[in-house]
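Derivation of every value follows stated rules applied to the coordinates shown; laboratory data play no part. Keep in mind that what you see is a predicted model, and the values were worked out from it rather than measured. Neighbour counts are summed over all protein chains in view; Cβ atoms, including those assigned to glycine, are modelled from backbone coordinates with ideal geometry.
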Amino acid sequence: MRTLHPWLAAILLAFAVYLVPVPSAQAIEEKKVAYHADFSDPRRFSAMLTSINNMVTTYKSELLNYDIRIVFVAHGIRFLTDDNLEDTPFEADSELRERRQDLSGRLKSLVDVHNVKLELCNITRSEINLSRDKLYDGVEMVQSGVVRLTELQEDGFAYLKIE
């Protein structure tokens with residue numbers, strides 16, 4: 001059996017490497033997840049924040065792109081403001097008041113450090129006449145939270161709800 005000259009082998013190897021497709025930025029998979037927050041329990045919200053943090057940490061360690069959204073509906077509005085929402089169905093209880101600083105700090109970290117997006121149902125906000133300036137920075141309004149969740153799922157987002 002004949003062997004190739006070293007220079008010919010090098011040329012063929014270089015040509016083969018050139019032909020191997022390199023994924024473009026568009027071809028790289030993006031993990032897309034939508035969390036649904038429509039509950040009032042601060043412990044449950046804390047568990048959701050932990051879940052999201054674990055997800056982000058995993059995706060970053062695996063060098064994966066991600067788009068994580070939290071869609072807030074109904075009682076979930078309690079976690080997007082320091083207002084106690086007195087005389088509304090979403091009024092802050094003593095447990096939320098005690099844990100609010102910790103929860104809001106963790107949420108802000110997810111937004112600022114990990115680019116998690118927050119979307120609030122405008123129907124919920126307008127029903128209690130809460131001014132937008134009382135919401136945390138980074139909260140985006142969507143016309144309807146449940147419609148938004150449907151749109152995200154149609155766009156390939158996984159749907160998660162912490163129980």
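Got a sec? How would Met55, Met141, Met48 order by Cβ neighbour count within 10 Å, fewest to most? Don't skip to the answer; put the middle values down first.
Numbers: Met55 18, Met141 14, Met48 24.
The order, fewest Cβ neighbours first, is Met141, Met55, Met48.
As I understand it, the dipole of segment 30-160 uses +1 on the Cβ of Lys and Arg and -1 on the Cβ of Asp and Glu, about the Cα centre. Which of Ala74, Ser126, Leu107 lies farthest toward its positive end?
Leu107
Hey, fewest Cβ within 10 Å first, where do Arg44, Arg148 land in order? Walk me through the intermediate numbers first.
Values: Arg44 14, Arg148 23.
Fewest-to-most ranking of Arg44, Arg148: Arg44, Arg148.
Please label the shape of segment 30-160 as rounded, prolate or oblate, based on the square roots a ≥ b ≥ c of the eigenvalues of the alpha-carbon gyration tensor (a/c under 1.5 means rounded; beyond that, a/b larger than b/c means prolate, else oblate).
Details: a/c = 2.06, a/b = 1.39, b/c = 1.49.
Oblate shape, in that a/c is at least 1.5 and b/c is the bigger or equal ratio.
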